[in-house]
Each structure stands twice: as C-alpha cells, then as structure tokens.
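The structure under discussion appears below in the form of structure tokens.
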Amino acid sequence: MSEPLRIAIAGLGTVGAGVFQLLAKNGALIARRGGRPLEVVAVAARDRKKDRGVDLAKVAWFDDAAKMAAEADCEVVVELIGGAEGMARRVCETALAKGRHVVTANKALLAHHGTALAASAEAKGLTIAYEAAVAGGIPIIKSIREGLAANRLSRVYGILNGTCNYILTQMRKTGRAFGDVLADAQKLGYAEADPSFDVDGVDAAHKLAILAGVAFGTKIDFAAVHVEGIRRVGAQDIQFARELGFRIKLLGIAELGEGGLMQRVHPCMVPLETPIAHVEDVYNAVVAEGDFVGRVVAEGRGAGAGPTASAVVADIVDIAHGRRPMTFQLPAGELATPKALGIDARRGGYYIRLDVIDRPGVIADVTAALRDEAVSLASMLQRGRAPDERVPVVLVTHDTQEAAMRRALDRIARLGAVLEAPVVIRIESL
Ligand SMILES: NC(=O)c1ccc[n+]([C@@H]2O[C@H](COP(=O)([O-])OP(=O)(O)OC[C@H]3O[C@@H](n4cnc5c(N)ncnc54)[C@H](OP(=O)(O)O)[C@@H]3O)[C@@H](O)[C@H]2O)c1
C-alpha cells in the first residue's frame, strides 16, 4: 500500500474527537478504500489536559493551531474549531498558503468566506472540502456537485437545522410551548446553552448559502439570505397546521429563476403529503430539483459526532485518492453573481394568525385591508366566541405577492382590536 496520508486536526471537540474515534475503529477498512492509510500526525486544541476519550500518545500536540497548520508535517489540515473568523479562518488560510489541503465542517466560515477560500485553494491546485458543513452526515455536496452534474438545478431546499426540527416535532407531539421544549432540548444536549444561532435560523442560513453556491454555480452570498427563526411559532399554530393538513418546518429554500436568485430561511407550512413533512426530530433532509433528474430527496442525521465525522473522513478519503472536484461546481473565478431577489418577490400562500378582541367589525376591517391589496382569502378559522375577549383568528390566503401581503399586514397590525403582531407562516407547495 502507498505512503500514509498525513493529517493534522485543529479542534478536538465533538467533531474532532469523533473523527479520531472513527479513524481508530474503521481505519483499516478506510485505508483499503482510500488506497492509503490515513494517519493523524498532529492535533491542536486549547486545553492540553482535557480528557477527550482519545489516545493522543503518538500525535504531536500544538497549543497554537495556526502554527500547526503552518508547520506540522502533513498534507491535509482538518479544521474543526468553528466560527467565521478568528483561529478557524487563520488555520484554513495558513494551511492553503503553505500548500496543504483543507477539510472543514465550518459552515459559518464557508458562508462568509467560501468564494475567497475556494479561489485561494484552486490557485494552488489544492482542495478545500466541506461535506460536513451542510446537513452533517448526508453526503449532499457530493450528490449535487458530482451526482447531479448533468442537470440544471432550479431549486434546492431542506430541513437544515436539527435543533429546530427537534423542537417543532416535540411541540407537535406534546402540544407544549416553544420555550418549554427548548429548555428540554438544552437538557438533552440537542440545543446549545445559547440557542440563538439555531433557533433564529442563522445556522440554516449558513448552510443554505453554501448549498446555493454548489447547486447553481454562484458566488456564496450569505448577506442576501432572508432569515427568520422559529421563536414566534406557537403551540396554537402547530394545532391549526394539523387542522389545515400541514406540518410546520423550518426550511431553507434557494431558487434560481430568470429574475435572479432568492434565498430564504423561515418557518413554512408544508403539505402533509410531501416527503419533507415526515422528516422528524433531529433529522435533516435536502431536496434538489433538476431539469433531467426531477426531484431528489436525501435524509439523514444533520449533526452529532458520528454523522459529522463520517462526512469529514469521506472528504479525506477523496484527497487520499487524488480526487480534486471543483469547490462549488465551477472554478471560483467563473462563479456567477445572479441578481439577489428579496423576500418581497416571493409569491405563494400565507397562514396568518391574529390575536384579536372579539367585537363586531374586526373581521370586516381585516378583510378590507386584504381586499385593498388584492389578497384573496382561501379560508378563515375562528375558535369559539368570547365577546370582548382575546381570540385567535386564522386566515389562509391564496397565492399572492409578499410585498402586497406585507402592506396588508402593516395595516392589520395597526387596528385597535389586533393585540399582537400577526404570526405569518408562508405556505410552500413543494
Ligand atoms: N457538533 C456537530 O454536530 C457539528 C455538525 C456539523 C458541523 N459542525 C461544525 O464543526 C465544527 C466543530 O464543532 P464542534 O461541535 O466539534 O465544536 P466544539 O465541540 O466546541 O469543539 C471545538 C474545538 O475547537 C477547539 N478550539 C476552540 N478555539 C480554539 C483555538 N483558538 N485554538 C485551537 N483550538 C480551539 C476547542 O478546544 P478545547 O477542547 O481545548 O476547548 C475544541 O476542541 C464547527 O465549525 C461546527 O459548526 C459541528
């Protein structure tokens, strides 16, 4: 067998230790598949004394991960620190500058600096591989870039954050409120102590920006992603969704059309008959639509030590084999910059929940605001009557333009009988 592929790993947390464990268990099998053994020769993390459950006896330790990226005797640097800036970025830039391939699971870094990193890598004939950065264990980057290379893709979308999917699934199964389910998810380790990156949609937006780049051959444009999280989804909305034949999912959706590229992350009402409605708990799913292949659906675990390590090591095996795919489907210098379409250009149905004081004339005022913007109602639900008390009213619209919907909602929100900002969930016919 050929010489081992020498690897340095920066970051030995959940994923870094997972990679170590995976290589320890499946190393011999992977060596046969990769044509070369994979050998970890150096590691870097902050705390040398921390017990990580892995044997570091034969590995060089670096306190400074950037120094390791520059000086370790290796061909590949695996960055598993995290964050769009700081040490993670330095490690990747240093490794490429020193002629080493980079493998990373870092979606924040790729979403912000992916195009520039791809250009640096390609200029030197190097790889920057990032399968683990999108949908964890699902091999979606390879599937889109290599498996669907013959197609023009028009849309790619998915459930890209396991924490949100877990919370929404538990809310549906238990009828409990968002805050209570989030607290449980934190106890179980499914949500971080600071959950904002996940529940406010930022993590899904990072992944969507990368997916759009690889699906459409466009420059990564994270700033253009419209982002909303799941904090305002109430137990009542889950209940109404059930009655209307939907499930609520946080989706990331990227669509490329004649007018430009729209990228958005927000809670969606998804018809029960679509496959993605049944992807539950911490599972992720990605759907790609191509002109020749039609619809392709991939489902799996989007996070955790094992699934993420599986994706990281697959990238390392590619490097061992000498496979050098383009970072984002086209050379970095040829990536397109389509017009970025804002959410105002979306056309579709809307679910709107209003909290109103039950008194005569309220519904007439609401429907007048909709009529004046040419928004047509498909249905309206009101549970019970409670004169002069707070009641929820749910409106479901036919397809309409987001901008018109927004204008109508601004007017509705200002009505004296409407007590809180309306909850708006877009209906996606997928
Ligand atoms: N966890 C997942 O399921 C998952 C899934 C997909 C992608 N990812 C991505 O994978 C990456 C790693 O995530 P993780 O969950 O493994 O994170 P983690 O458990 O927090 O581990 C981070 C590691 O980086 C080390 N580190 C932090 N700052 C450092 C610095 N300045 N210099 C050197 N080492 C430093 C830490 O060292 P100490 O241990 O000494 O503190 C720790 O070992 C992130 O980009 C994340 O987004 C994670």
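All conditions but one from (1) within 21 Å of Pro325 (Cα to Cα); (2) open to solvent by less than 10 Å² (accessible area, probe 1.4 Å); (3) within 11 Å of the ligand (Cβ to nearest atom) apply to Ala65; the one that does not is (1). The test for being touching a residue at least 12 places away in the same chain (Cβ under 8 Å), farther than 16 Å from Ala311 by Cβ and within 14 Å of the ligand (Cβ to nearest atom) does not hold for Ala97.
Based on this model, can you work out whether Glu79 counts as under 27 Å from the mean Cα position of the chain (by Cα), within 16 Å of the ligand (Cβ to nearest atom), charged (D, E, K, R) and modelled with pLDDT of 95 or more?
On the way: under 27 Å from the mean Cα position of the chain (by Cα): yes; within 16 Å of the ligand (Cβ to nearest atom): yes; charged (D, E, K, R): yes; modelled with pLDDT of 95 or more: yes.
Answer is yes for this residue.
Residues checked against (1) open to solvent by less than 30 Å² (accessible area, probe 1.4 Å); (2) of a type in the set (Asp, Glu); (3) more than 21 Å from Thr104 (Cβ to Cβ):
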site: Phe197; (1), (2), (3): no, no, no
site: Ala205; (1), (2), (3): yes, no, no
site: Val225; (1), (2), (3): yes, no, no
site: Ala235; (1), (2), (3): no, no, yes
site: Phe240; (1), (2), (3): yes, no, yes
site: Leu244; (1), (2), (3): no, no, yes
site: Met269; (1), (2), (3): yes, no, yes
site: Glu280; (1), (2), (3): no, yes, yes
site: Asp291; (1), (2), (3): no, yes, yes
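Do we have any residue at all in the range 342-358 that's at negative phi, modelled with pLDDT of 95 or more and out of contact with any strand residue (DSSP E or B) (no Cβ under 9 Å at 6 or more places or on another chain)? Looking for residues that are at negative phi, modelled with pLDDT of 95 or more and out of contact with any strand residue (DSSP E or B) (no Cβ under 9 Å at 6 or more places or on another chain), one finds none in the range 342-358, hence no.
Can you tell me how many residues in the range 3-14 are open to solvent by 30 Å² or more (accessible area, probe 1.4 Å) and either within 16 Å of the ligand (Cβ to nearest atom) or modelled with pLDDT of 95 or more (or both)? Break it down stepwise before answering.
Going residue by residue through the range 3-14, those that are open to solvent by 30 Å² or more (accessible area, probe 1.4 Å) are 3-4, 6, 13-14.
When the remaining residues are screened for being either within 16 Å of the ligand (Cβ to nearest atom) or modelled with pLDDT of 95 or more (or both), the result is 4, 6, 13-14.
So the answer is 4.
Which one of these is crowded, with 20+ Cβ neighbours inside 10 Å, of a type in the set (D, E, K, R) and either in contact (Cβ under 8 Å) with a residue 60 or more places away in the chain or more than 16 Å from the ligand (Cβ to nearest atom) (or both): Glu122, Glu131, Glu146? Result of the check over Glu122, Glu131, Glu146: Glu131.
Identify, by number, the condition in (1) more than 23 Å from Ala421 (Cα to Cα); (2) surrounded by fewer than 23 Cβ atoms within 10 Å (Cβ to Cβ) that Arg231 doesn't meet. Exception for Arg231: condition (1).
So is Arg176 more than 14 Å from the ligand (Cβ to nearest atom) and more than 19 Å from Ala235 (Cβ to Cβ) or not?
Working: more than 14 Å from the ligand (Cβ to nearest atom): yes; more than 19 Å from Ala235 (Cβ to Cβ): no.
When the stated conditions are applied, Arg176 does not pass them.
Residue-by-condition table, conditions (1) farther than 30 Å from Arg33 by Cβ; (2) hydrophobic (A, V, I, L, M, F, W, C); (3) in contact with a Ser or Thr (Cβ under 6 Å, 6 or more places away or on another chain):
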{"site": "Pro271", "(1), (2), (3)": "yes, no, no"}
{"site": "Val293", "(1), (2), (3)": "no, yes, no"}
{"site": "Glu299", "(1), (2), (3)": "no, no, no"}
{"site": "Gly322", "(1), (2), (3)": "no, no, no"}
{"site": "Ala364", "(1), (2), (3)": "yes, yes, no"}
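Exactly one residue among Arg90, Arg36 is among the charged types (D, E, K, R), away from the ligand (no atom under 12 Å from the Cβ) and touching a helix residue (DSSP H, G or I) at 6+ places or on another chain (Cβ under 6 Å), and that residue is Arg36.
Tell me, which residue of the range 41-58 that is away from the ligand (no atom under 14 Å from the Cβ) and either in contact with a Ser or Thr (Cβ under 9 Å, 6 or more places away or on another chain) or of a type in the set (A, V, I, L, M, F, W, C) (or both) is farthest from Gly82 (Cα to Cα)? Among residues in the range 41-58 that are away from the ligand (no atom under 14 Å from the Cβ) and either in contact with a Ser or Thr (Cβ under 9 Å, 6 or more places away or on another chain) or of a type in the set (A, V, I, L, M, F, W, C) (or both), the one farthest from Gly82 (Cα to Cα) is Ala57. Using beta carbons and a limit of 9 Å, which pairs, at least six apart or on different chains, have the first residue in the range 81-92 and free of Cβ contacts under 8 Å to residues at least 40 places away in the same chain and open to solvent by less than 40 Å² (accessible area, probe 1.4 Å) and the second one more than 9 Å from the ligand (Cβ to nearest atom) and hydroxyl-bearing (Ser, Thr, Tyr)? Every condition considered, the pairs that remain are Cys92/Ser120. Give me the pairs, please: first residue somewhere in the range 198-209 and over 13 Å from Gly158 (Cβ atoms) and free of Cβ contacts under 8 Å to residues at least 60 places away in the same chain, second residue anywhere and hydroxyl-bearing (Ser, Thr, Tyr) and surrounded by fewer than 24 Cβ atoms within 10 Å (Cβ to Cβ), beta-carbon distance under 9 Å, and either six or more positions apart or on two chains. Short answer, once both residue conditions are applied: Val202/Ser196. Of the residues in the range 174-197, how many are assigned to a loop (DSSP other than H, G, I, E, B) and free of Cβ contacts under 8 Å to residues at least 40 places away in the same chain? Selection size over the range 174-197: 6.
Are any residues in the range 287-304 within 14 Å of the ligand (Cβ to nearest atom) and assigned to a strand (DSSP E or B), and if so, which ones? Explain how you work it out, then say what you get.
So the first thing to find is which residues in the range 287-304 are within 14 Å of the ligand (Cβ to nearest atom), and the list is 300-304.
Gly300, Arg301, listed by residue number.
The values are calculated or read from the model by the stated rules, or taken from the named source; none is laboratory data. What you are looking at is a predicted structure, and each value in this text was computed from that prediction instead of being measured. Reconstructed Cβ throughout: ideal geometry from the backbone, glycine too, with neighbour counts over all protein chains shown. Side chains included, ligands, DNA and RNA excluded: accessible areas come from the protein's heavy atoms. Shrake-Rupley method; radii C 1.70, N 1.55, O 1.52, S 1.80 Å.
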